[in-house]
Structures are given as C-alpha cells and as structure tokens.
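Coordinate-derived values only; no laboratory data. These figures come from a predicted structure and were not determined experimentally. Here the Cβ positions follow ideal geometry from the backbone for every residue, glycine too, while neighbour counts run over all protein chains shown.
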Amino acid sequence: MGHKLQHITDLAEILFAQNVEDVVVSPGSRNAPLIRAFYDRFGARCKSLVDERSAGYFALGQSLATKKPAVLISTSGTAVLNYAPAIAEAFYQKVPLLVITADRPAEWIGQQDNQAINQQAIYKNYIKASYSLPVDTSGREDLWLAHRLINEAFHTAVSASPGPVHINVPLREPLYENLPAVSTNISVIHKQKTVNTLSENSLLHETWKRAKSIMIVCGQLPPDKNLKEAIKNLSADSRLVLVAEPVSNFHEIATIANPEVTLNSKINYPEEAIPDLIIYFGGQVISKKIKLFLRGLQHSKFWFISPEEQIIDTFQNINSFIQAEPISVLNGLSVETTDTKNSFRNFWEKEVQNAVKLKANYTGNISYSDLLVFKTLSQDLPNDAIVFAGNSSVVRYLLYFDQKQRKYYSNRGVSGIDGCLSSAAGLASKLNEPVFAIVGDSSFVYDSNALWNRDFPENLKIILINNDGGGIFHLLKGPSEHEAFHPLVNAHHAVDFKKLTEAFGLDYQLCTSKSGLKPSIEKLVLGKQNEVLEIRTFNNGEPQITKDFFNYLNTNYGTEMDDT
C-alpha cells in the first residue's frame, strides 16, 4: 500500500515537470499539506498573499507576463470564493491559471463542520474545467487517477484558448504529518501541438483575393512578436486598413489606432469607406464607435478567427468562422500591392490625419483636467513603457492619444476595477523593466490590499488619477442627470492617499496643477523604486472639457484642417 497523501507530493512534482513557474499561496490550515509540497518543490517561487481576491489577480498578472499558468493555493470555505473575480477575468481574457483549493472530505460537507462549503464545480460558469482529486491515494488505481487528472488539468489550462482550471483537493486530518517522497513511477504526460493551415483554395482565400477593400480588426491581445510580424507583412497590402487599439498591442502599425477619435458616429459613411471584407480576432474591442460602425454594415463579409469553438459575433454580422490560431491563418494570406492608391485605404488614412489635427487643435492649450492629464502622460511616459491600464475612464482616456511603442495590459475580460493594482503587481513581479500602473482613485482604494505584499515589486510605479469618485459616470449621458447620482453612484470619498500609501511603506508624491504635471511624471520615471504618484484633478476631472472635445470633433469631422 502507498501513502494516502502521495498525490499531494506528486501534484507539485508534475506541475514543476510541466514547466509551471509561479505559485501564489493564500495562508490557511486545510491547505497545509499543499503548501508544504509546493514549497519543497518550488521554494522561493512561492509567494504568500493573505487577501485571496488580491492573490488571484496577482497570479493572473504573473500569467500575463509568462503566458504560463500560475498556481493558486487556498484553504477551504469562503477563501475559495474570494478567488472568483480573478478567475472570471482570466476566463474571459483567456489567461491560464491553475486554481488548487483544499477542501473538507465529502462526508463532512453540509454537516455544520468548520469552514466547509460545497466546493464541487464552484466556479462552473467561468472555468474551463473542474477536477476533484481522490481523498486517499494509498491504492494504485487512485494514484493513477490522480496523476491523470493533474496532467489533464494542466493541458486544459494551456491548450486551445487558455484559461483557468480548478483542482479541488479534499483532505482529511491530520494535516501536518510528513509527506512521502515523489513517486518512483510518476506520470508526466506531454502534449504535442499541431498547426492548422488553410488550403489555398479555401473560402477565405477566395474571399480575400476578390475583396477590393479589407479591414482587419484586432481585439485585446498580449504582446506577440510573431503575430505582430504577420500583421505587419499583411499591412503592405494596398487594400487593407488595420484597426488596432493599444490593448491589442498592434497599435504602432495600425492604420486606425484611436478609433474613438477617428470615427464619426453621427454620419453615414460613403461607399468608398465601406470594407468588402472584415477579419476580426482577439479579445474585446473598447471603442464604442468602431462597434457601431461595424454593426451598421449591411453587405460586408465578416470572418472571425479563434482557436476556441465558440462563435463570437461582437459586431452582429458574422458570416464565417475559422477555428484556428490567427497567426496560422494570416501567414497564409497573399499580399496585393499596386502603384495605384486604393480609394478605401486612402479614405481612412485621410480620416486619421484629419482627426489627429482636430485633436491637436482642441487639446493644444486646454486647462488642467483629466483630458490634459492623459494627454501629458501619453506624451511623457517612456516611448517603450510597459503600461497596465486601469478600467473605466482610465483605459478609455489612454485610447484617445498616441501610445507610441508601449506594451499594454488591462483587465478587459470582465472590465472590473477590483483587481487592477494586484494584476499590475503580478505582471511587474515577472519583468525586469519598470511597469506603470495607471488607475483611478476608486480602483486604487478598492484594491489597496495589492500593496499588502511582502514581495511588492520595486519596478512597479503607480499613477493614481484622483478625480474624487467614478469619473466615467460624469461623462455618460443619463447617470449624472438623476438626483440619485451624487449620493449613490458618484463614489466620492475622503481617503488620504498619502497616509494610505505610506502605511504600506511606499514612496509618495502629489501633483495638483498643470505646471506640476511634467516634473512629477519625470520624477516618477527616473525614480529607482516603487512609488505612487497621485495626480489630483478638481471638479471630478472637469468632465465638460472632455464632452466639449467630442462635440468639437463631431462638429468638425469632414472639415479639412491645415497644418498650422
């Protein structure tokens, strides 16, 4: 007979052999055997974060950096539920995670035993798969089953569209006995990936060749050099317009990188502006204007490319779907070049040029406001900076301006404000370069436990935009016009961010004026350690300045702007 906890030792060993790098532990007692096993195998790669919600997002940030599944380990009970927001984000952003939860044995669930809830398939609506290991693996068949399930869980997390996978581990007391050595016949199962390519006479190839105007729309994706090179090569096609926001990480090679500024949602575009073919891949697109434009097309062909089986019809116009990695499809498409200017591409290039001039005219001398803050950040952060963009108004303001060669990350799977700092911290912990996290005040307060981290990365620099509450609600038509807005929706507060920051041992600086913007950003950039820069704007960030900006654009679209 073998040891009843043989599978606990082997769980850590199998994941180590599968090249898992990172383990985030949430302290507890029921998970003590798991903690011991993983520490014995992973050592200093194990990080301890008490707040499970923050820990979940920290692990997500690590996985964003490595493109490998980080491991989360929790005790039983409500600790398991606290991982849920990060798991949902990982599921919809397609980020691999391995969520390992300790549990009471089945006979004690529902018996008023301590810290016991039903953990079977607890994340069922936003998890790729859920597994439960045997409670005792002293028998050969039980250990064989555990090995197989562990390997299957790993490969499920990383294959096709990556995502989170749950491994529930029921454990009987005693919890602090010595663990056995690794099995002599441990099973580590490897999986060989294959690359699918389209035949030259496929329907997409035929549609591509016949199209006179093509628009490629890139949703959110992590930085990918090979995919970027494939798209760059296709961009030489004279028929092609590339729409790619900064969160796609292809913005520097895009025709339209700021669709919310370039497009006019108030007009019907002429025939020359309408693409024959649209190819869409990646995650969410943020710009509402590009969504409205594409949803309004009546006769264009829409193709969606994704490695997963689900058909996603964001623009309500899909005709065809290819289940494959985008790079394998794009590399097989031919590039058509001509000496004659394509009218479709020429139209959109002129629209972009004009929008850039309109934006420069309006923002040239605006007063201190959120719009000015984000214009200045976009100008003065390093050209190749790594940026983690907070949600709500932050990510949208950044999309209004040129983001140069920066790499962008953001929790746009579910778009919550609750874990942005923790995700940025996890990302920074795996990188050697500075990471700039830009978040709003509500997001900072909500996720301030991200700072409760003994290993808080020194290369993380936090830019806190404090407009005294949820600034985005002042920009939306409707919410701010109702009497319930100020007491119930506008998240105004009296938080002293200097005291909050210094309570966790971080450096702090404050900017409250137009003249102080550039010097404070420069100080942050040149600093050698982590720091919080609070940029405090007034009157909720002066939302009328932003509203007037878009009114100005709407009024002047189609007006030829000179270069003066």
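Observations, loosely collected:
- Among the trypsin sites (Lys or Arg not before Pro) in the range 154-215, those located in a DSSP loop and surrounded by at most 14 other Cβ atoms within 10 Å of their own Cβ are ARG172, LYS191, LYS193, LYS212.
- For the range 138-155, backbone phi angles converted through the Karplus equation (6.51, -1.76, 1.60; θ = phi - 60°) give residue-by-residue couplings of 6, x, 4, 5, 5, 5, 4, 4, 4, 4, 5, 5, 5, 5, 4, 4, 4, 5 Hz, Gly and Pro being listed as x.
- DSSP-loop GluC sites (Glu not before Pro) across the range 174-275, with at most 14 other Cβ within 10 angstrom: GLU177, GLU200
- Cα-based radius of gyration for the range 370-410, normalised by 2.2 N^0.38 Å, reads 1.03.
- If the chain linking ASP402 and GLN192 were pulled fully straight, counting 0.36 nm for each residue of separation and taking away their Cα-Cα distance, it would gain 71.5 nm.
- Order by protection proxy (mean Cβ within 10 Å, highest first), peptides 283-292, 71-80, 108-117: 71-80, 283-292, 108-117
- Of the residues GLY332, HIS166, VAL50, the one whose Cα sits farthest toward the positive end of the charge dipole of the chain, with +1 on the Cβ of Lys and Arg and -1 on the Cβ of Asp and Glu, is GLY332.
- Close amide H pairs (under 5 Å, H built 1.01 Å from N) link CYS511 with GLU534, ILE535, ARG536, residues at least 5 positions away or on another chain.
- Taking Cα extents along the principal axes in Å as calculated from this structure, the corresponding entry among [x] 82, 53, 51; [y] 83, 64, 45; [z] 98, 59, 50 is [y].
- Restricting the range 7-81 to trypsin sites (Lys or Arg not before Pro) in coil, as DSSP defines it, with at most 15 other Cβ within 10 Å: LYS67
- Here the range 255-414 is treated with +1 on each Lys and Arg Cβ and -1 on each Asp and Glu Cβ, and its dipole about the Cα centre works out to around 560 debye.
- Contact order for the chain, expressed relative to its length and based on alpha carbon pairs under 8 Å spaced 6+ residues apart, stands at 13 percent.
- Table column - 3J(HN,Hα) (Hz), the range 116-129, Karplus curve with 6.51, -1.76, 1.60, x for Gly and Pro: 10, 9, 6, 9, 5, 6, 5, 9, 4, 7, 8, 9, 5, 6
- Per-residue extension of 0.36 nm, minus the Cα-Cα distance of ASP548 and THR340, leaves a gain of 71.0 nm for this segment.
- Contour minus Cα-Cα distance for LYS523 and GLU271 (0.36 nm per residue): 85.7 nm
- Charge dipole (debye, nearest 20) of the range 365-551; +1 at Cβ of Lys and Arg, -1 at Cβ of Asp and Glu: 400 debye
- Dipole axis of the chain (+1 Lys, Arg; -1 Asp, Glu on Cβ), positive-most option in LEU242, TYR176, SER378: LEU242
- In a simple Cβ point-charge model (Lys, Arg +1; Asp, Glu -1; nothing else charged), the range 203-342 has a dipole of about 340 debye relative to its Cα centre.
- Prolate/oblate/rounded call for the range 6-170, Cα gyration tensor, a/c under 1.5 rounded: rounded
- Placing unit charges on each Cβ (+1 for Lys and Arg, -1 for Asp and Glu) gives the range 203-342 a dipole about its Cα centre, and among ASN319, ILE279, LEU297 the Cα reaching farthest toward its positive end belongs to LEU297.
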